[in-house]
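In what follows, a structure is listed as structure tokens, so that the remarks can point back to it.
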Amino acid sequence: MKYRLFIWIMWPSFLVSILAEGLLFSIVHPAEILFFGHHPNISDEGIYTIGFFIIWIFCSFSSALTAYILPGIHTDAKGSDKSLI
């Protein structure tokens with residue numbers, strides 16, 4: 001059940017982060033990004049990659065919070081899969 005819950009959290013957040021990064025970087029070019037008033041010495045591809053992982057982390061937190069507050073998802077002592085009761 002732990003691995004299934006992990007996939008339930010990570011897969012939707014991965015898909016949403018793809019869409020969010022596409023939307024973000026279609027509006028903002030990496031050359032326009034400033035950190036504390038300075039442009040980082042990173043290639044555009046590096047900024048795309050870092051941005052993707054930051055967005056994926058935030059989306060994962062959102063999915064994990066949803067899974068946490070969803071009633072009825074738990075594991076029993078024997079490890080059998082039980083979903084919504």
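The values are calculated or read from the model by the stated rules, or taken from the named source; none is laboratory data. The structure displayed is predicted, hence computed values, not measured ones. When the accessible area is computed, the model is the full protein with side chains, heavy atoms only, and any ligands, DNA or RNA have been set aside. Shrake-Rupley method; radii C 1.70, N 1.55, O 1.52, S 1.80 Å.
Which order do LEU24, LEU19 take when ranked by solvent-accessible area (1.4 Å probe, heavy atoms of all protein chains), largest first?
Working: LEU24 75, LEU19 130 Å².
The ordering from most to least exposed comes out as LEU19, LEU24.
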Rounded accessible area per residue of segment 7-70, 1.4 Å, Å²
74 Å²
In square angstrom, rounded to the nearest 10, how much accessible surface does GLU32 have for a 1.4 Å probe?
130 Å²
